[in-house]
Structure formats: structure tokens, C-alpha cells
Amino acid sequence: MKQGKKFISPDSWFSMIYPSNWNEFEDSEGTFLFYNPDTWTGNFRISAYKEEPDGPCGMDYAHEVIQQELNDNSSALHTQVGNMECAYSKEMFEEKGVYYTNHTWITGAGNVAFECSFTVVKGGEVKEAVAVISSLVIRNDEQKYPAELIPIRVSEVYLVDERYEWMVNLVKTELKKDFTGTEDDLPKLQEIVDSGILGAKKKDEWLAVGMALCVILANEVADLEWMTLIDGNREAPVLVYKETGKQVDPLRLVWSKVKTGEPCLVEEAYQNALV
């Protein structure tokens, strides 16, 4: 797959490239779901499982998982996708009068195993899923990778919504005012800051201020998009100007000053975030 979007899993266990017209959607915990929301061609799901290098199976973990699948599933075939061996199987099912095929690949390498599935209408193509699996890269815990920006993951969407809603509720509770996510709300944020309600050392509370500022910014400026920043152990949502690539980090907008004892000036922070 030459073109596409990059996904790096939480905790950076692995990365993969998926089609540009796919998006990530909510699924069960530990499973990541992708599909094309405009023209549905199938649901691609991937789950990853990791064994410690000095665990029972160690660096043979993926091979053992694949062999177990081949032993337990009589319909599974031993094959290879990209650089990794796989146990591949498929099964058909019917839902509301429509027949589907669920294709499953148990694969991996070293101490990381994957369960990948692609659900399509009966007779549907699987080449998109095969290309995604072929792009899988297991990231080395000992290697330092350069910082990367990837399309915002569901986990970071949750964080943005959670911190923003916390601030909305705080404004309603403490100030008895509505919070609409526009520039008119900047004075309300300053009131919250000046009130002393926020703990001086509570980073999460100041993150909520920065997140609210970024939501306002995204609502007011058309050239911005949310992305996930992967930088060492830090995995966080940031706003990025599409044209210039300038990043606006919700945490650093205000926390960088607060943690050193400087005053938090909401309007100034907002203006600094504008191009």
C-alpha cells in the first residue's frame, strides 16, 4: 500500500498503513475498527497481544499463537502475508437477509501476535485488508522513534471530549453560565482561572483549560484539524494547521506557564495559538 494513513497503536506496540478513505471507529476495548464511512467495502478489525520477552513463550509467542490456531481450527490454512506467517480462515454468516464473509488472519512476529479480521459481503474483495496486514510493523521497545503526527485516534477523541465536557460543566456549576465553544467564552475561562478553583499542581485540570481553548480555536478557524502526537511515551491530541503544519498543544497552551508560577492569561494564550 503506497498511499494511506498511518496508525500507531496505544503504547506504540505496532504501526500500520490503512486506506486514506478509511476512518477509525469505536469498537470493544483492545480492538481497533476501521472502514470507509462513505462507501462501505468491509470492516477491518485488529487486536494485538504481547508477551514479555522473558515470558513463557518469549520471542516465540507469535509463532506459538499461530500454531495453536492451526491446531484448533481445522479450516485454518498456513500462509504468509507480507513478511509474517499467518493462520488464515473464513466463515460465512447471514444478517437481515444479507450474506457476509468474515476473513480472519492470526499473525505476528516475535513476542507480538495479531488477530485481524475483514468482514465483507459474500464475494467481496479482501485486497485492502491484505495490504493493511502487509504494512504491519512491530515497534521495538528499545528503539527511540522520532515524533510523529497521525490521524486522531478514538482514544484521543475521547480525551478531547472528556476534558472539554469537564470544563463546560465547571463553568455551568461555578459561574452559572453556558459554554458554547466560541470566542465569547474566553472571559468565562479567565473567570475560572482567576477564581482559584483549579489546583495549582493539577495538570489534568489545566489540560481542560487548554482543551477548551483548542475546541474554541477549532470552531473558529477552518484550517485546523485534530491529530494524535506520538512522541516517546507521550500520546496526545494536538491541533495542526493544515497549510503551515503549526501545532497547537492543549497541554502546553497554559500548563507551561502555570507550572512555573506564571499567571495564566487566557486571551493571550488564545492569540498565541492563532497563525
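The values are calculated or read from the model by the stated rules, or taken from the named source; none is laboratory data. Keep in mind that this is a model prediction, so the values were computed, not measured. We place every Cβ from the backbone using ideal geometry, glycine too, and count neighbours over all the protein chains shown. Note: areas computed on protein heavy atoms with side chains; ligands, DNA, RNA excluded. Shrake-Rupley method; radii C 1.70, N 1.55, O 1.52, S 1.80 Å.
Some notes on this structure:
- All of Tyr158, Tyr145, Tyr164 fail the test of being in contact with a strand residue (DSSP E or B) (Cβ under 8 Å, 6 or more places away or on another chain) and not in a strand (DSSP E or B), apart from Tyr145.
- Of all residues in the range 142-176, those satisfying the criterion of being under 23 Å from Leu33 (Cβ atoms) and open to solvent by 80 Å² or more (accessible area, probe 1.4 Å) are Tyr158, Asp161, Glu162.
- Of the criteria (1) within 30 Å of Ile152 (Cβ to Cβ); (2) exposed (fewer than 12 other Cβ atoms within 10 Å of the Cβ); (3) of a type in the set (S, T, N, Q), which one Ser9 fails: (2)
- Verdict on Val126 being surrounded by 16 or more Cβ atoms within 10 Å (Cβ to Cβ), under 26 Å from Ser20 (Cβ atoms) and modelled with pLDDT of 95 or more: yes
- Subset tally (residues that are closer than 20 Å to Asn233 by Cα and in a strand (DSSP E or B)) for the range 7-31: 5
- Residue within the range 124-139 that is over 22 Å from the mean Cα position of the chain (by Cα) and among the hydroxyl-bearing types (Ser, Thr, Tyr) present: no
Okay, residues lined up against (1) modelled with pLDDT of 95 or more; (2) over 19 Å from Gly110 (Cα atoms); (3) out of contact with any Ser or Thr (no Cβ under 8 Å at 6 or more places or on another chain); (4) open to solvent by less than 90 Å² (accessible area, probe 1.4 Å):
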site: Glu24; (1), (2), (3), (4): yes, yes, yes, yes
site: Ser28; (1), (2), (3), (4): no, yes, yes, yes
site: Thr31; (1), (2), (3), (4): yes, yes, no, yes
site: Gly42; (1), (2), (3), (4): yes, yes, no, yes
site: Ala48; (1), (2), (3), (4): yes, no, no, yes
site: Asp54; (1), (2), (3), (4): no, no, yes, no
site: Leu70; (1), (2), (3), (4): yes, no, yes, yes
site: Gln80; (1), (2), (3), (4): yes, no, yes, no
site: Glu94; (1), (2), (3), (4): yes, yes, yes, no
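- Total residues in the range 96-123, condition open to solvent by 60 Å² or more (accessible area, probe 1.4 Å) and touching a Leu at 6+ places or on another chain (Cβ under 9 Å): 0
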